[in-house]
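Just below is one structure, and these are the notes that go with it.
The values are calculated or read from the model by the stated rules, or taken from the named source; none is laboratory data. Note that the structure is predicted; figures quoted are calculated from it, not measured. Neighbour counts run over all protein chains shown; Cβ positions are idealised from the backbone, glycine included. All accessible areas refer to the heavy atoms of the entire protein, side chains included, with ligands and DNA or RNA removed. Shrake-Rupley method; radii C 1.70, N 1.55, O 1.52, S 1.80 Å.
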Amino acid sequence: MARTRRMRGLAMVAALVLVLSACTAGFDGLRLRIAAGNPGGVYDKLAQTLATAWQAGLDIDRPQVLQTQGSPDNVDKVLGGKAEVAFVAADVASDRYKSDPRMAALARIHDDYLHIVVRTDSDIRTVDQLKGRRIAIGSPASGVEYIAERLLQVTDLAGSVTTSTRGLDESVRALLNGDVDAFFWSGGLPTPFLANYNNTRSLRLLDIADVMPKMQELNQVYGTASIPASTYNQAGPVTTLLVPNVLVVPKSMPDDVAEALVRGLFDARPQLAAANPAALSIDVHPGIETQPIPLHPGALRYYRAQKT
């Protein structure tokens with residue numbers, strides 16, 4: 001009897017080892033590339049943190065974080081087989097999905113807020129007063145440029161302004177030096193670079209409440225939001241455009257991989273929030289709100305298990 005019980009015990013241990021080995025081996029050889037953004041930006045900081053979390057959680061080689069121009073570039077990389085995961089603004093993702101539905105979403109992550117910035121001493125008070133001005137509209141092929149071009153189109157300003165593509169730091173310098181009259185930026189609240197510059201109240205944000213109906217007619221993912229006065233040391237709050245960000249993957253990604261990536265994302269929330277405050281909004285319940293980009297079946301399996 002004792003020998004029988006010993007044999008049964010050994011068999012159970014062996015079975016458990018096989019199960020655990022199978023779980024580990026399930027992702028053996030998995031290689032991931034994450035299309036992020038400019039070095040030091042929100043996408044990049046979150047991607048670097050997520051890469052470390054996925055490496056530990058899935059027991060894989062650390063995913064490679066790709067430096068990119070931004071959302072349009074990131075979508076191209078996923079659809080072109082050059083990245084397995086991408087951080088993408090929802091407007092860019094939804095527009096591309098209409099013409100090429102080969103991607104799916106893992107989760108809605110943080111939201112970005114449109115900033116249209118002028119000098120505090122500028123005579124520009126409204127969007128229509130940008131007519132005839134020089135405007136920086138973000139880095140080439142970036143999500144900022146994507147929104148800026150659409151806003152200029154719906155307000156009939158596209159043909160009456162002089163635009164240049166510049167990153168955030170270059171845009172701020174150009175504005176303060178008088179090389180441009182305004183610049184566009186889309187980012188979390190607060191964007192530290194802007195907040196630090198505006199300690200002396202040298203910058204002012206434009207309110208775009210009157211433009212929002214046209215922008216929301218253009219794309220259903222755009223929301224209306226308020227930037228509190230305290231965020232950038234402003235005289236008062238301003239109404240602006242909100243655009244969610246989503247993690248997208250190829251539809252062809254195996255379900256178990258997608259499910260594991262979503263689990264790793266939400267397990268890593270404390271580390272992500274420490275990397276950038278924008279990640280404080282990452283949560284399971286808003287995570288499913290990726291429409292019109294459908295959730296990957298593996299991601300959906302995770303959310304259903306969480307009863308969301």
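Residue by residue, here is whether (1) open to solvent by less than 10 Å² (accessible area, probe 1.4 Å); (2) farther than 21 Å from residue 221 by Cα; (3) without any contact (Cβ under 8 Å) to a residue 24 or more places away in the chain; (4) part of a loop (DSSP other than H, G, I, E, B) holds:
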| site | (1), (2), (3), (4) |
| --- | --- |
| 69 | no, yes, no, yes |
| 73 | no, no, no, no |
| 83 | yes, yes, no, yes |
| 87 | yes, no, no, no |
| 91 | yes, no, no, no |
| 97 | no, no, no, no |
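Kindly indicate whether any position in the range 104-126 is assigned to a helix (DSSP H, G or I) and not basic (Lys, Arg).
The answer is no, given that none of the residues of the range 104-126 is assigned to a helix (DSSP H, G or I) and not basic (Lys, Arg).
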Given the conditions (1) of a type outside the set (Lys, Arg); (2) at pLDDT below 95; (3) within 30 Å of residue 227 (Cα to Cα); (4) open to solvent by 20 Å² or more (accessible area, probe 1.4 Å), every one holds for residue 49 apart from (2)
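To keep it simple, each residue is scored yes or no on (1) within 30 Å of residue 252 (Cα to Cα); (2) touching a residue at least 60 places away in the same chain (Cβ under 8 Å); (3) of a type in the set (Phe, Trp, Tyr); (4) in contact with a helix residue (DSSP H, G or I) (Cβ under 8 Å, 6 or more places away or on another chain).
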site: 103; (1), (2), (3), (4): yes, yes, no, yes
site: 119; (1), (2), (3), (4): no, yes, no, yes
site: 134; (1), (2), (3), (4): no, no, no, no
site: 154; (1), (2), (3), (4): no, yes, no, yes
site: 158; (1), (2), (3), (4): no, no, no, yes
site: 161; (1), (2), (3), (4): no, no, no, yes
site: 175; (1), (2), (3), (4): no, no, no, no
site: 180; (1), (2), (3), (4): no, no, no, yes
site: 199; (1), (2), (3), (4): no, no, no, no
Of those in the range 283-301 that are among the hydrophobic types (A, V, I, L, M, F, W, C) and not in a loop (DSSP other than H, G, I, E, B), the residue nearest to residue 94 (Cα to Cα) is 295
Among 75, 118, the single one that is over 24 Å from residue 183 (Cα atoms) and at pLDDT 95 or above is 75
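How many residues, within the range 244-282, are open to solvent by 50 Å² or more (accessible area, probe 1.4 Å) and part of a loop (DSSP other than H, G, I, E, B)?
3
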Of the residues in the range 57-67, those that are farther than 27 Å from residue 137 by Cα, without any contact (Cβ under 8 Å) to a residue 40 or more places away in the chain and open to solvent by 40 Å² or more (accessible area, probe 1.4 Å) number 4
Restricting attention to the range 105-163, the residues that are under 28 Å from the mean Cα position of the chain (by Cα), farther than 20 Å from residue 72 by Cα and among the basic types (Lys, Arg) number exactly 2
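Scan the range 49-59 and tell me whether some residue there is aliphatic (A, V, I, L, M) and in contact with a Pro (Cβ under 7 Å, 6 or more places away or on another chain).
Scanning the range 49-59, I find at least one residue that is aliphatic (A, V, I, L, M) and in contact with a Pro (Cβ under 7 Å, 6 or more places away or on another chain), so the answer is yes.
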